[in-house]
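**Q** Have a look at this one.
The values are calculated or read from the model by the stated rules, or taken from the named source; none is laboratory data. None of these values were measured; they are calculated from a predicted model. Every residue, glycine among them, receives a Cβ derived from its backbone with ideal geometry; neighbour counts consider all protein chains shown.
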Amino acid sequence: MADARPFHWEFEPEQVDREVFQVEGGRRLEGSVRISGAKNAALKLMAAAVLTGERCRFTNVPEIEDVRVLAQVLEDIGVTVDHPEPNVYEVAGGDAEWLFVPLEAAAKMRASFILLGPLLTRFGRVIISNPGGDRIGRRPVNLHVDAMRALGAEIEYRNGYYFAKAPGRLRGGLVTFPQVTVMGTENAMLAATLALGHTVIEPAAREPEVDDLIAFLQQMGAIVERTAPNRIEVEGTRRLHGAGHAVVPDRIETGTFVVAAAVTHGRISLEGAPSGHLDALLSIASEMGVSVSRDESTLHVDATTADLQPFRCCDIETQPYPGLATDLQPPTCVLLTQAAGLSHVTETIFEDRLEWLGELRRMGAEIEIPDQHHATIHGPTRLHGANVEIGDLRAGASLILAALAADGTTTIKGAHHVHRGYEKIDQKFLELGARIERTAEGT
Ligand code: UD1
């Protein structure tokens, strides 16, 4: 590794960490909003672009902090990243020569670990930091590392960094995961595209963003296919070429706005919403009494009838796709605070992802949390304004939802977590008639 390239990481300006959302609740949201591209697809697509030296062009990329962080990581390793217009990114892998993903990148965004597979398979070596990421439980990367080893990589862990080498070239093989992992599946698939021979990944994650990545890899010339619902097979090739792709719409953002309509007893049209990708949430919402319909690419959510009839309580459990996404557990919990009766919540994917419910309790929600994986929500409760703090991205958006439903004003600290994954969230809510403002703490 050559020396002294000045990584241009800067400390976050104090202002950013001090940013708060101020929300005056109790207003019915009405109107229409355009759904952005999916964060969890865009990041992997941009990482996949380094599998070739040629230019790749992505449209419908969400303008969010995580995309900016990844663009910066890519630039720091010598990849050209252009941002010619809003929501469009071009990535030209060229000869990335700084095969080093620093702690600063990993600490800002766990998803930077998705660069392991593509850099290792194309350049034969990479040094990458162990990621920190969200405060939502242990977030190990052992399954990614095991997958690379199954493809012939030699990986050592020293001083917080993985030193990975692929002597000669990675070799196709059988990658068997003990549990479903989204990014683990994606890393293995990306690595296998340039490996020698055939790879089978099982169980492979079924999330729509994984299929979006498969579609793009095929455009690049990769031989990759989902051959069974939970199996992906890859035939390695020598070379991939540049390609273009429009990022799939964000089902998590869509679900967030579905809940926004419901808890404010509003009526919202979600333009460009994905079809079929959030059936688990929509069937819960319908079971609770929210009206959901679709015409072409617009999803219509109408909860105005909730004035007359309270929502019905419901038990939920997070599961890998096609089950209810763990990323939609927080918004769904906000909805359940408005349902009559007892709702049981089981979080099966991450430890600590129920922690944020403590903040929701400050707003008047009646919730018991007997252990890290279970909660019981008593409803309906009238939520009230409070001072609350965001601990992670999805919980952050959900505290905004609670604030929109609440009586009075809520001050939400930690707004920067939300900007990681939601494009212009405050602006979108403003367009729907919400009273939401971004200010610096203490002003
Ligand atoms: C991705 C999503 C995240 C979503 C999650 C689950 C991105 C950038 N993030 O995260 O928004 O909440 O899927 O749908 O796409 N695990 C291990 N070892 C590993 C990897 C994972 O034990 O090496 C465990 C995790 O701790 C977790 C489970 O496996 O308990 C599933 O995690 P995984 O699907 O890998 O989540 P991510 O891909 O990191």
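**Q** Could you check Lys424 against (1) without any contact (Cβ under 8 Å) to a residue 60 or more places away in the chain; (2) out of contact with any Gly (no Cβ under 9 Å at 6 or more places or on another chain); (3) not hydroxyl-bearing (Ser, Thr, Tyr) and say which number it fails?
**A** Looking at each condition in turn, Lys424 falls short on (1).
**Q** So, restricting to helices (runs of 4 or more DSSP H) that lie completely within the stretch 101-154, which ones have at least 3 residues that are at pLDDT below 90 and surrounded by fewer than 24 Cβ atoms within 10 Å (Cβ to Cβ)?
**A** The helices (runs of 4 or more DSSP H) meeting that bar are 103-108.
**Q** Pairs, please: C-beta under 7 Å, at least 6 apart or cross-chain, first residue in the same structural domain as Ala406 (by TED's automatic domain parsing) and small (Gly, Ala, Ser) and in the stretch 345-364, second more than 10 Å from the ligand (Cβ to nearest atom) and at pLDDT 95 or above?
**A** Listed by first residue and then by second, the contacts come to Gly364/Thr381; Gly364/Arg382; Gly364/Leu383; Gly364/His384.
**Q** Among (1) of a type outside the set (Ser, Thr, Tyr); (2) away from the ligand (no atom under 16 Å from the Cβ); (3) touching a residue at least 60 places away in the same chain (Cβ under 8 Å); (4) within 22 Å of Ile252 (Cβ to Cβ), there is one condition Pro208 misses while meeting the rest; what is its number?
**A** Unmet condition: (2).
**Q** Please tell me if Pro330 is out of contact with any Phe, Trp or Tyr (no Cβ under 9 Å at 6 or more places or on another chain) and either under 30 Å from Gly197 (Cβ atoms) or assigned by TED's automatic domain parsing to the domain that holds Leu383 (or both).
**A** For Pro330, the condition - out of contact with any Phe, Trp or Tyr (no Cβ under 9 Å at 6 or more places or on another chain) and either under 30 Å from Gly197 (Cβ atoms) or assigned by TED's automatic domain parsing to the domain that holds Leu383 (or both) - is not met.
**Q** Does any residue of the stretch 225-247 turn out to be within 14 Å of the ligand (Cβ to nearest atom) and closer than 27 Å to Ala105 by Cβ?
**A** yes
**Q** Same structure again: Please determine whether any residue of the stretch 167-174 is closer than 28 Å to His416 by Cβ and either more than 20 Å from the chain's Cα centre (by Cα) or surrounded by fewer than 24 Cβ atoms within 10 Å (Cβ to Cβ) (or both).
**A** No - not one qualifying residue is present in the stretch 167-174.
**Q** Here's a check for you: in the stretch 175-203, which residue that is part of a loop (DSSP other than H, G, I, E, B) and crowded, with 21+ Cβ neighbours inside 10 Å is nearest to the ligand (Cβ to nearest atom)?
**A** The qualifying residue nearest to the ligand (Cβ to nearest atom) is Thr181.
**Q** Which residues, counting only those in the stretch 348-358, are buried (at least 23 other Cβ atoms within 10 Å of the Cβ) and among the charged types (D, E, K, R)?
**A** Passing the criteria: only Arg353.
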